[in-house]
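Have a look at the structure below, then the notes.
The values are calculated or read from the model by the stated rules, or taken from the named source; none is laboratory data. Being a predicted model, the structure only gives us computed values, none of them experimental. In this analysis, Cβ positions are derived from the backbone assuming ideal geometry, glycine residues included, and neighbour counts consider all displayed protein chains. Heads up: the accessible areas ignore ligands, DNA and RNA and are worked out on the full protein's heavy atoms, side chains in. Shrake-Rupley method; radii C 1.70, N 1.55, O 1.52, S 1.80 Å.
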Amino acid sequence: MKKIHFLLFSASLAMGSAANAQLQIEIAGVGSNQIPVAIAAFADESVAPDKVSAVIRADLERSGVFKVIDAGQVISDRDAGSINLAAFKASGADALVVGSVSKQPDGRFAIRYKLMDTVKGGEISQMGGEVQPRYTRLQAHRIADDVYEKLTGVRGIFSTRIAYVKADSGAKRYVLAVSDADGENEVIATQGKEPIISPSWSPDGSKVAYVSMEDRKPVVYLQDLMTGRRNVISNQKGNNSAPSWSPDGSTLAVALSKDGNTEIYSVNSGGTGHKRLTNNPAIDTEPQFSADGRTIYFTSDRSGGPQIYKMSAAGGNATRVTFNGSYNISPRVSSDGKTLAWISQRGGAYSLYAMDLASGQELRLADGATEPSFSPNGKYIMYATKGGGRTSLAVVSVDGRVKQRLTTKAGNIREPSWGPFMK
């Protein structure tokens, strides 16, 4: 069986160390039926470390769902009652974002916003809160999330985080980094001289499981992003790889070769209670829990070449899921349980595919793709891709209409994992 994810990573650094290179985002394509939204500059936003209205604008533009219109003026949320909404409607906007920023005596910033309906008139939503200076950008992302949800009915993902591996093979340095979904506020979770692969977020967003080769064999570790501590989750005989969390955070599925053949096992999040779930002469690897935690999707070559299968989370008989193409790997399931994403090699090229699990209909989303990861709202997929002599990250909407590319000036970026919604 060709190359089914086994590699890994190394030594620990406490969360909070700033990485030097930030990700840059390029946007290509837009969604169908874009929602026109006008965004006004927030009153007094220059007092804050980040220009709140600019962050909101960038978030909404990046989604591909909105046509962002510059309101051309500063409008405070306090003046919302006197706004001539008809004038904004005449300019083509269906909604208007206004707000204000003020510095408090304790050094925090009060950030408030309102979302106005220019078609029916009146207020759609509002939000207010006081945050420390370092969280002004996060608060702007939360406002963008609110705009996205109120106008689409789908939860926004701008305030979520992503994890990825930055590799400089020449210097033999591998970094597991975490950043905001837009690539800003990057910090180093851990780093070392051995490869890092397969980061997987815990459902509460406080930890990341990953695999390291620092002991000259694949071992699954758990990194606490708040304390910087890490624990061994699985260091059985042979290879320990491909960790995946159950939705309730109590269990991880892993691929182990401790009995000679690579099989799927479950292990408690504390690193105890290994239980074998598959029993087949073929290689079974890359397990992924379904959204409800009842099913595990995985890759197996039991049919002669790698294909995607599914079975009960308790183990037992497996059912084949993919039939088109002779090489299908890296299954991922959307948070609503409706869509399966995976990598398929067809015609000599690796491409990202998505399948509607109810109908079985497939859609090719991107070529030259590996290592897919769904956004927590299930509307976007991040993946690794090669171009210009290096590996970078890209994002595509599940309908294939919106594409983004995340690049950095230093090294290669790969192994993306999109974090969960934060409470």
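The table below lists the values:
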read-out: Gaussian network model of the chain, springs between alpha carbon atoms under 10 Å - residue of GLY128, GLY388, GLY183 with greatest fluctuation; value: GLY388
read-out: Inter-part distance where the range 52-71 and the range 133-165 are each reduced to a Cα centre, Å; value: 12
read-out: 14 Å reach of a label modelled at SER91, 7 Å along Cα-to-Cβ, counting backbone N of the range 42-66; value: 42
read-out: Residue-normalised accessible area of the range 161-419, given per residue in Å² at a 1.4 Å probe; value: 38
read-out: Convex hull volume per residue for the range 218-341, taking Cα atoms only, in Å³; value: 108
read-out: Spin-label model distance (nm) - SER303 vs ARG390, 7 Å beyond Cα toward Cβ; value: 3.9
read-out: Residue-span extension gain [MET226 to GLN345] - 0.36 nm each, minus C-alpha spacing; value: 39.0 nm
read-out: Largest to smallest accessible area among ASP248, ASP146, ASP399 [probe 1.4 Å]; value: ASP248, ASP399, ASP146
read-out: Given (1) 0.96; (2) 1.00; (3) 1.03, the label whose value is Rg/Rh (Cα atoms, Kirkwood Rh) derived from this model; value: (2)
read-out: Computed lengthening from ALA54 to ARG108, 0.36 nm per intervening residue step minus Cα-Cα distance; value: 17.5 nm
read-out: Percent RCO, i.e. relative contact order, over the chain, from Cα pairs under 8 Å lying at least 6 residues apart; value: 15
read-out: Cβ-Cβ FRET estimate between GLN361 and LYS150, R0 fixed at 30 Å, reported to 0.05; value: 0.50
read-out: Filtered GluC sites (Glu not before Pro), the range 119-217: DSSP coil and at most 16 other beta carbons within 10 Å; value: GLU184
read-out: Accessible-area order (highest first, 1.4 angstrom probe) of the listed residues ARG134, ARG390; value: ARG134, ARG390
read-out: Within the range 353-372, backbone nitrogen closer than 12 Å to the virtual label 7 Å beyond the Cα of ARG294 toward Cβ; value: none
read-out: For the chain, size of Cβ-based charge dipole, Lys and Arg +1, Asp and Glu -1, in debye; value: 980
read-out: Principal-axis tilt of helix 52-63 within the chain, Cα atoms, nearest 10 degrees; value: 50
read-out: Residue-span extension gain [ARG216 to LYS423] - 0.36 nm each, minus C-alpha spacing; value: 70.8 nm
read-out: With Cα atoms, 0 to 90° folded angle of helix 136-152 axis to the chain main axis; value: 90
read-out: Efficiency of FRET between ARG134 and ASP204 - r from beta-carbon atoms, R0 22 angstrom, step 0.05; value: 0.55
read-out: Pair ASN324, GLN34: separation of 7 Å Cα→Cβ label points (nm); value: 2.9
read-out: Fraction of beta bridges assigned by DSSP in the chain that are antiparallel (%, nearest 5); value: 90
read-out: VAL74 versus ASN268: modelled label distance in nm, points set 7 Å from Cα along the beta carbon direction; value: 5.9
read-out: Overall dimensions of the range 28-152 by Cα: Rg and Dmax, Å; value: 13.8, 46
